[in-house]
Amino acid sequence: MNREDFELTQSIEELPCESQPIGTSSAALIDTPLSQDLALFYQVAMSHPESHLFEVTLRIQNWQAKTLDLKMPVWTPGSYLVREYSRHLQDFEAFYGAETSLNWRKLGKNHWQIETQGRSEIAVCYRVFANELTVRTNHLDETHGYFNGAALFFFVPGFQQVPIRIQILPPADWVVTTALPRVGVNTFEAQNFDALVDSPFEIGQHQIHPFEVLSKPHEFAIWGRGNLEVDRIIRDTQKIIEVEAELFGGLPYDRYIFFLHLASQAFGGLEHKDSCSLIYSRLGFRTKDKYERFMQLVAHEFFHLWNVKRIRPKGLEVFDYEHENYTPSLWFSEGTTSFYDLLIPLRAGIYDAKTYLTALSREISRYLTTPGRLVQPLSESSFDAWIKLYRPDANSANSQISYYLKGEMVSLLLDLAIRIKHQNQRSLDDVMRQMWEQFGKAEVGFTKEQLKLVLEAVAGFDLTDFYDRYIDGTEELPFDEYLVGFGLRVVSNRETGVPAIGMTLRTEGGREIVKFVETDSPAQRAAIDAGDELVAIDGLRVGSGQLDERLKDYQAGDTIEVTVFHSDELKTRSLTLAPPRATQYHLEAIEHPSTLQQQNFEGWLGVSLATVH
Ligand SMILES: [Zn+2]
């Protein structure tokens, strides 16, 4: 903190949001010489952090029309759900001069219109309630402030390309971190509204850990307490950055920030061009598994600075902040990024090939146990992200497949197909580089057809059939067909001997509640529903975690009596058990691999196939 910070902090109480309009002296805060161009200047104060209210002032200069429209985004890039950010806005006021209010009205849920009375300098004040701690929302409490531009700021329709100045007025001992260039004391400049939306702010007493990679400055800005070892995380992050920079041929930014929020039982990330926001369980760094999961999250969000932030599907080339932005290609933006988030830590030496294959097995297992993979095509899953992926319900697993998960699986098959065809001399890496060169560098959106052309150019063969079956169709992915060239196969646990009932449970307050009922399963045919409480099988109570054990006492084809509470009513359902079904899959080396299979494996993962036995 320095003296200037302190003085600005003292002026918070006089901000117009307290009800006072803007005086001429505060208008001078736009300290650059004024041109005739529209000038936008935001101030964000937080005089009572415990109230969770950000106090925002927008000053507009050189406005030329009788009315001024202001709109707030309904979603933020990277998180494909209409979140209606304006529902958190309150106390909207508009002014000109020292004390004169301007009339305004709302024309839509996120749309305010001000009558300017011919004034060219206008000030708008409002507050935004911020108490949702996720990477894509706002959070303000007595310990810090964090916000995303889409959830805090208005844009002026037609003027989204105008540069915006943002000044933060924090409590005395708080500091401000953002990827935007600093132009004054806690004052930053965004070259346009997109850049503002793409640059979250962390304000508080967070830890700042600077480090360098390839001569460029990076930092971790960490809020919250946890059991992390920062030095180790930075060392591993440096390796991840180096591996990804090598893949794409350099780092396309001047400075990069990793925002990390530590909270209880949290997981998430949101990508930006020059930063990313991560949220992770504060005590989730000790065990090997969880630490590796965190480094995968780092690898994932960092990979996005190319794939989706700069290499964008056509539907996301120009953001429409008011509506859904549809694209059939999120499987490439998210799924291919997920494919790489497992692979990059392996290449960075953070874990070994065996760990990689275990992680990949887990994903294959999740995929093959989701019935919806045979219902919803991958391109449709991408397109319908807005109404489906972010809004799961009890039927989701029956009717949908995540474009993250299937996109990852399809990327695996494509990588393997390219590698086999070209003896590991080409891979999906070449596709990424080609997409970067052709679309990412210039930020020209790619169409579904253009992506296919790039894939085909690298693969050297036609992918129409592959697309028809696995991207636009719902055919089962033939893992073994693609893996066998590398001496691997997928093995299931079908032989566990538990006859299938077709439902899963969760324990809630000591009660066994049906979480999911599979389409056309014995449970569904017997009218058992998600939400039912399982009480007994053949008149004997089913205790917590006992379902599988109890089913082992029966054979496929046996009829059992299942007692449930269905909407408070005790019901006994009769059902016939089905043959055992696989609930888990894993990758395994085949018996007696040939020299070629061993060579292919080594060319792919860099170690001998024998090491993963
Ligand atoms: Zn992602």
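FYI, it's all coordinate maths here, none of it is from the lab. Remember, predicted model here, so these are calculated numbers, not experimental data. Backbone-built Cβ (ideal geometry, glycine too); neighbour counts: all protein chains shown.
Please list the three semi-axes, largest first and in whole Å, of the ellipsoid equivalent to segment 206-288, using sqrt of 5 times the eigenvalues of its alpha carbon gyration tensor.
Working: eigenvalues 104, 34, 29 Å².
Rounded to whole Å, the semi-axes are 23, 13, 12.
Residue separation of residue 227 and residue 161 scaled by 0.36 nm, minus their Cα-Cα distance, works out to 19.5 nm of gained length.
With a Förster radius of 41 Å applied to the beta-carbon distance between residue 555 and residue 598, the computed FRET efficiency rounds to 0.45. Computed from Cα positions, the angle between helix 595-605 and the longest principal axis of the chain comes to roughly 20 degrees. The length gained on full extension between residue 453 and residue 395, counted as 0.36 nm times the residue separation minus their Cα-Cα distance, comes to 17.3 nm.
With a sphere of radius 13 Å drawn around the Cβ of residue 255, what net charge do the other residues whose Cβ falls strictly inside it have (Lys, Arg +1; Asp, Glu -1)?
Details: positive: 182, 216, 273; negative: 212, 219, 254, 274.
Taking every Cβ under 13 Å from that of residue 255, the sum is -1.
Dividing the summed -39500 (n - 2.57) terms of all DSSP H runs of n ≥ 4 by the residue count of the chain sets its mean residue ellipticity at 222 nm at -7000 deg cm²/dmol. Each label point was placed 7 Å from the Cα along the Cα-to-Cβ direction; for residue 143 and residue 525 their separation is 5.3 nm. For segment 437-539, the convex hull spanned by the alpha carbon atoms encloses 232 Å³ per residue. Between residue 442 and residue 546, the contour length at 0.36 nm per residue exceeds the alpha carbon distance by 31.7 nm.
For segment 446-550, applying the loop criterion from DSSP together with a ceiling of 12 other beta carbons within 10 Å to the GluC sites (Glu not before Pro) yields 475, 476.
Each residue, residue 185 and residue 208, gets one label point 7 Å from its Cα in the Cβ direction; the gap between the two is 1.6 nm. For GluC sites (Glu not before Pro), the sites in segment 265-371 that DSSP calls loop and that have at most 15 other Cβ atoms within 10 Å are 317.
Using a simple spin-label model with pseudo-atoms 7 Å out from Cα toward Cβ, residue 494 and residue 62 lie 7.1 nm apart.
Would you please classify the overall shape of the chain from the alpha carbon gyration tensor, given that a ≥ b ≥ c denote the square roots of the eigenvalues, rounded means a/c under 1.5, and beyond that prolate means a/b larger than b/c while oblate covers the rest?
Numbers: a/c = 2.07, a/b = 1.56, b/c = 1.33.
Prolate, because a/c is 1.5 or more and a/b exceeds b/c.
Of the trypsin sites (Lys or Arg not before Pro) in segment 514-563, the ones in a loop by DSSP (not H, G, I, E or B) with at most 16 other beta carbons within 10 Å are 552.
For the listed residue pairs 66/106; 273/441; 388/571; 388/441; 354/552; 71/448, the alpha carbons are over 23 angstrom apart in 388/571; 388/441; 354/552; 71/448. Shape analysis of segment 302-377 places it in the oblate category; the axes a ≥ b ≥ c from the Cα gyration tensor give an a/c of at least 1.5, with a/b not above b/c. How would segment 495-576 be classified by its alpha-carbon gyration tensor: rounded, prolate or oblate, with rounded meaning a/c under 1.5 and the a/b versus b/c comparison settling the rest? Taking the square roots of the gyration eigenvalues as a ≥ b ≥ c, segment 495-576 is rounded.
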